[in-house]
Amino acid sequence: MMDSLRTAANSLVLKIIFGLIIASFILTGVSSYLIGGNDNYAAKVNGQEIARGQFENAVASERSRQQQQMGESFSALAANENYIKSMRQQVLNRLIDEALLDQYAKSLGLAVSDDQVKNAIFATQAFQDNGKFDSQRFSGIVNQMGMSTDQYANALRNQLTTQQLVNAVVGTEFMLPGETSQLASLVAQQRVVREATIDVNALAAKQQVSDQELNAYYEQHKDQFVAPEQFRVSYIKMDAASMAENASDADIQSYYDQHKELFTQPERVRYSVIQSKTQSDAEAALADLKKGADFAAVAKFRSTDIISAKNGGDMGWLEASTTPDELKNAGLKEKGQLSGVIKSSVGFLVARLDDVQAAKTKPLSDVRDEIAAKVKQEKALDAYYALQQKVSDAASNDNESLAGAEQVAGVKAVETGWFGRDNLPPELNFKPVADAIFDGSLVGQNGTPGSNSDVITVDGDRAFVVRVSEHKPEATKPLADVKAQVTALVQHEKAVQQAQLDANKVLAALKAGKGDEAMKSAGLSFGAAQTLTRTGQDPLSQTAFNLPLPQKGKASYGVGNDMQGNVVLVSLDDVKEGSMPEEQKKAMVQGITQNNAQIAFEALLSSLRKEAKIKLGDVAQQ
């Protein structure tokens, strides 16, 4: 298996693909992670280095995963420096944990065979075509990940080794059959109860509240009566999409003449190759071809490049930038012309020139609509940026209002209603706009007028100038404004206290065997019996399952609350043993063992971290 992976890694086709990948990395500014130039590392774990490239690739992968998962909302998070720092730290912690687990697994002698690695690769659906492993698909995907097939196999081996350790930890957690049955019986237990409710709201209506009580409650709970900070904003919106511009014939012709390379397909060449490990094998293949053998048949039989061999040696169409130097320098000029034996970095080659397509420029008529749309967009953006500058200058020159900016923009400023930090109007709900409004720089001091904002760009094609026209700071509402609210709260609080006292008196009488008289005196009676289960999330179910078991036909009593906040006397009359279906029982045991395994696994990681020597590199510290 490993020999096959190495063969695939040395494929001329993969060399071409890797060249394309390198080119794309250079264009995106991260080629330094692939081609070196910096000896910095992210961390060292007991001397084992987590390379800078490995760390940055993991960060890029995590960013991509989050972006796919969260969509547009990720852009706002990505703009937050602290969020990105936190994400990078989490990725580094994960890589450190993986290194620790890998080291620990090796210390235990855990290992994965070549066959296990091979089977895992063959079983990966991403590498399959119609349910069967496809070596070309495998090599292509692995190379797109920036890895050779050998590197991927080694990474997979480490992952499978670590998984053995995880499985070993998980496998130590289990429950005995007796424990399972006993726990299932307790979980499925049912309790038969009756309830007598003291209506707190009815009691609250009867409560008398003094001015002293009102003042005391208000002073102790002033934070409940705070009017949040409020804003009113005037704003001017500029939108590039609304600035339609025409594209004249002259504009279109000029763009076409200046950008013909965009509409030109470079010369393309198509080769077929036979790759050999030794010169003698290449010469034997060439001899067969000169005798009239079919090139595709010889390639499938003799070529060591498993990717091109499957296609009869065909390399597909290549442009100059993706054609290996060995083929460029082979001197092939005529269609069907064979090369001699070519020494290359992947062995020895025999090549054939199959076809040549000359460079071709699309006529203007074919791309006119495309160019017109592009010219209109560019002219609209030019007008948009020019308007931004004019509005910015006007807003700065007349900082007492938006009148000057309105005149330049040709629109009236929009005035919002009152809003707070948690309900920004939808038309302004962009982070840069929110930051400008709420950071305090646009609010005047001591009631003085504020100032106009700078131009605030949003998503690259929209912009705002905003002005805080009115502002109310956060303030505690006076008692006179909230007297009715405070009165109701004090009444409810006193009613809860009275209900609790009344319930406790009746509870004491019930436990003493004098419950009938006490219940009648309090105007209470128990309702019909009902059966509660332990899975109930309401407060009364919790109360019922916290009561002691009834003894010899005598009920067990307690006091709790219902979902409405009323005080409730509970009579526990009977307890029924429960039963649980086998599937549910298995799920319960699985959940408990998984939870215990997770705790054990976290303890293992914590222990490994405490004992490890972990040194952070400059990149990680930054």
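The values are calculated or read from the model by the stated rules, or taken from the named source; none is laboratory data. Predicted model, so just to flag it, every value in this text is computed and none were measured. A quick note on method: Cβ atoms are made from the backbone with ideal geometry, for glycine too, and the neighbour counts reach across all protein chains shown. The protein model used for the area step is the full one, side chains on, heavy atoms only, and it has no ligands, DNA or RNA in it. Shrake-Rupley method; radii C 1.70, N 1.55, O 1.52, S 1.80 Å.
Per q in 0.15, 0.19, 0.25, 0.26 Å⁻¹, report the Debye log10 I(q)/I(0) for the range 548-616, using one uniform scatterer on each alpha carbon and no solvent.
-0.81, -0.89, -1.00, -1.04
Rounded to the nearest 500, what is the 222 nm mean residue ellipticity of the chain from helices alone, with -39500 (n - 2.57) per DSSP H run of 4+ residues and division by all residues?
Here the helix-only value at 222 nm equals -16000 deg cm²/dmol.
Quick one: of K300/K360; K472/K494; K132/K310, which pairs are farther than 24 Å apart, Cα to Cα?
Those over the limit are K300/K360; K472/K494.
Output the peptides 426-436, 296-306 sorted from most to least packed, where packing is the average of other Cβ atoms within 10 Å over each peptide's residues. Please report the intermediate quantities before stating the final value.
Values: 426-436: 15.0, 296-306: 19.2.
Result, highest mean first: 296-306, 426-436.
How much length would be gained if the chain were fully extended between Y385 and A296, taking 0.36 nm per residue of separation minus their Cα-Cα distance, in nm to one decimal?
The span from Y385 to A296 would gain 26.2 nm if fully extended.
At a 10 angstrom cut-off on C-beta neighbours, averaged per residue, how do the peptides 506-517, 74-85 rank from highest to lowest?
Details: 506-517: 14.7, 74-85: 12.5.
In decreasing order of mean packing, 506-517, 74-85 become 506-517, 74-85.
Over the chain, give the accessible area per residue in Å² for a 1.4 Å probe, as an integer.
About 58 Å² of surface per residue is accessible.
Given a Förster radius of 51 Å and the C-beta distance between D481 and Q190 as r, what FRET efficiency does 1/(1 + (r/R0)^6) yield to the nearest 0.05?
Working: r = 51 Å, r/R0 = 1.00.
According to the calculation, E is roughly 0.50.
Residues in the range 257-288, backbone N under 15 Å from the label point at A358 (7 Å along the Cα-to-beta-carbon vector): list them, ranges by number please.
So the set is 265-269.
Give the carbon-plus-sulfur fraction of the accessible surface of the chain in %, rounded to a whole number; probe 1.4 Å, heavy atoms of protein chains only.
The C+S portion of the solvent-accessible surface of the chain is 48 percent.
List, in the order given, every pair from K260/K335; K260/K362; K520/K576; K44/K613 whose Cα-Cα distance in the structure shown is over 18 Å.
K260/K335; K520/K576
For the chain, what's the relative contact order in percent, using C-alpha pairs closer than 8 Å and at least 6 residues apart?
Over the chain, the number comes to 25 percent.
Under 20 Å Cα to Cα from K206, which aspartates and glutamates show up? Leave out anything in the same chain fewer than 8 places away.
Straight-line reach from K206, under 20 Å: E493, D502.
Using +1 at the C-beta of Lys and Arg and -1 at the C-beta of Asp and Glu, which of A58, S401, L286 has the Cα lying farthest in the positive direction of the dipole of the chain?
L286
Order these peptides, 418-424, 55-61, by their mean beta-carbon neighbour count within 10 angstrom, highest first. Intermediate results must be reported in sequence, preceding the final value.
Details: 418-424: 12.9, 55-61: 17.1.
Taking the mean over residues of other Cβ atoms within 10 Å, the ranking is 55-61, 418-424.
Provide the convex hull volume over Cα atoms per residue for the chain, in Å³.
Values: hull volume 185.4 nm³, N = 622.
Taking only Cα atoms, the chain has a hull volume of 298 Å³ per residue.
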